[in-house]
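> Dumping the structure here so I can ask a few things about it.
The values are calculated or read from the model by the stated rules, or taken from the named source; none is laboratory data. Computed from a predicted structure; not experimentally measured. Quick reminder, even Gly has a Cβ in these numbers, built from the backbone with ideal geometry, and neighbours come from all protein chains shown.
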Amino acid sequence: MRLHWSTPVRQGVCPLKSFARVLIAIALLILFGCVPIHAKDKRPGLPPKVLSAGTVYVDNQTTSAELLNTAYTELSKWGRLQIVDTAQKADIVLRLSNGNYVRFVPGGEKAPAADPQAGKQNFPGADEAVPPGSTRISVIDPKTGISLWSDVRKTDSAKAATHMLDGLRDAFAQRK
């Protein structure tokens, strides 16, 4: 049996081998094309202290009572953590911040030049500025004040604010 090609074939080149090479190259591009997507996610997983937490205190350092209400509502819907009324009773503190808070300094005292906790951020991106219309959601160890996890979410509308805890929920889900 002899194959007959309708187009001229150069001597020494087999069309099936060329086709196989192209197919292998496409498969490799598809396979390794996904690697950079995962390489960009440099956020470490949740520490054991966060994963084992059962109680949370919400520390609202924004000027928005609506964000605090939304955080309470979303935590209640999620049901993973019980909300407590003081940081001392909490396993973790959920801090909401957007750079728009005021710190009380009693008369006669000097205001600190910088946040004393700022040097304790122990993960990439923790000290980055929060873009306008967004909120940083940080998980803080209430005993040490160290940030254990952080995320920045758009919260410039009521609908967007309902997704502020999605990153934390996703981080918990990845560990299951």
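> Quick one: how many residues across segment 65-81 are part of a loop (DSSP other than H, G, I, E, B) and more than 19 Å from Ile140 (Cβ to Cβ)?
Initially, segment 65-81 is screened for residues part of a loop (DSSP other than H, G, I, E, B), giving 79-81.
Add one more test, that the residue is more than 19 Å from Ile140 (Cβ to Cβ), and what stays is 79.
Residues in segment 65-81 being part of a loop (DSSP other than H, G, I, E, B) and more than 19 Å from Ile140 (Cβ to Cβ): 1 in total.
Yes/no per residue for (1) outside the structural domain of Gln88 (by TED's automatic domain parsing); (2) more than 15 Å from the chain's Cα centre (by Cα); (3) modelled with pLDDT of 90 or more; (4) surrounded by 18 or more Cβ atoms within 10 Å (Cβ to Cβ):
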{"position": "Gly133", "(1), (2), (3), (4)": "no, yes, no, no"}
{"position": "Thr144", "(1), (2), (3), (4)": "no, yes, yes, no"}
{"position": "Ser150", "(1), (2), (3), (4)": "no, no, yes, yes"}
{"position": "Asp156", "(1), (2), (3), (4)": "no, yes, no, no"}
{"position": "Met164", "(1), (2), (3), (4)": "no, no, no, yes"}
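> Here is a follow-up. Lys89 versus (1) modelled with pLDDT under 95; (2) surrounded by fewer than 17 Cβ atoms within 10 Å (Cβ to Cβ): which is the lone unmet condition?
(1)
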